1. Would you grab the residues whose amide H sits under 5 Å from the one on L124? Only those 5+ places off in sequence or on another chain, please, with H modelled 1.01 Å from N.
2. Can you work out the FRET efficiency for the pair L30 and Q60, with r the C-beta to C-beta distance and R0 = 25 Å, to the nearest 0.05?
3. Looking at this model, which pairs from K105/K194; K51/K192; K51/K194 are more than 23 angstrom apart at the alpha-carbon?
4. Calculate, in nm to one decimal, what T89 and E102 gain on full extension: separation in residues at 0.36 nm each, minus their alpha carbon distance.
5. Could you order the peptides 26-34, 104-112 from most to least packed, using the average number of other C-beta atoms within 10 Å per residue?
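Values in this text are rule-based calculations from the coordinates and carry no lab data. Quantities reported herein were computed from a predicted structural model and do not represent experimental measurements. Neighbour counts run over all protein chains shown; Cβ positions are idealised from the backbone, glycine included.
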Amino acid sequence: MPKSDGQTVRLINWLEREVMTRCEERGISLGQASVETGNSRGYLSRLFRDKNDIGYSRLQRLCSFLNIAPTDVLSQMSFSSTPTIDEITDYVAGGLDEDGFEALKEHILIYAVPPDDATSLSLLHMGDQSFAASVLSVANPDALQNAVDNFPENARRKLIASYGVAARGTCLISIEELSAKIHGQPEYSLLKYKRVLFPVNDFLGEPAVGIYACPVSKRAK
């Protein structure tokens with residue numbers, strides 16, 4: 001988990017409330033809870049006080065104490081602002097269930113898995129807060145589909161190949177660049193951005209590819 005970011009603080013605040021509630025229900029102390037979770041009392045106290053990083057193994061032990069799944073905890077943390085690449089990969093690594101998908105969907109694009117002989121990509125979803133919508137000011141999914149269809153053939157084939165790899169279960173993170181009109185400005189600018197491709201299920205539960213991107217160029221933020 002990323003250290004001391006807003007998502008981590010919200011997660012730890014939620015965990016603290018749930019742990020304290022469970023302790024009250026069972027009539028046990030935080031010290032007794034720490035023994036059951038395999039943590040020292042000092043660690044739990046520092047975690048809840050300082051809101052520092054919590055590793056996934058420690059999160060699993062706390063979830064076991066609370067009798068809930070780690071993915072259930074992550075799904076409680078909806079994004080109130082633009083997520084980070086780390087937050088996206090945390091969600092994917094934890095197992096993207098239906099609630100987790102709901103938390104992410106407005107920030108991502110979703111494409112159908114390209115067949116082996118594909119010459120184009122099929123857009124299934126464009127989130128209102130996705131990179132395409134919020135940074136590039138793409139008006140609607142049809143406009144984005146048209147833009148991708150008109151990419152040079154080599155660029156399109158590169159995209160198709162990478163989406164195929166992601167569809168088979170590999171999370172791909174890369175730094176890309178394109179010439180675009182940022183926020184609808186009349187002039188074209190060279191924009192660098194980070195992109196993560198990951199396997200996801202579409203709205204019908206079928207395998208698909210999720211795409212999340214965020215700008216590297218300061219002037220694009």
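1. I110, Y111, A112
2. Details: r = 19 Å, r/R0 = 0.76.
My answer for the efficiency is 0.85.
3. Working: K105/K194 18 Å; K51/K192 32 Å; K51/K194 27 Å.
K51/K192; K51/K194, as the Cα separations exceed 23 Å there.
4. Working: separation 13, 0.36 × 13 = 4.68 nm, distance 1.53 nm.
Here the segment from T89 to E102 would lengthen by 3.1 nm.
5. Highest to lowest by the protection proxy: 104-112, 26-34.
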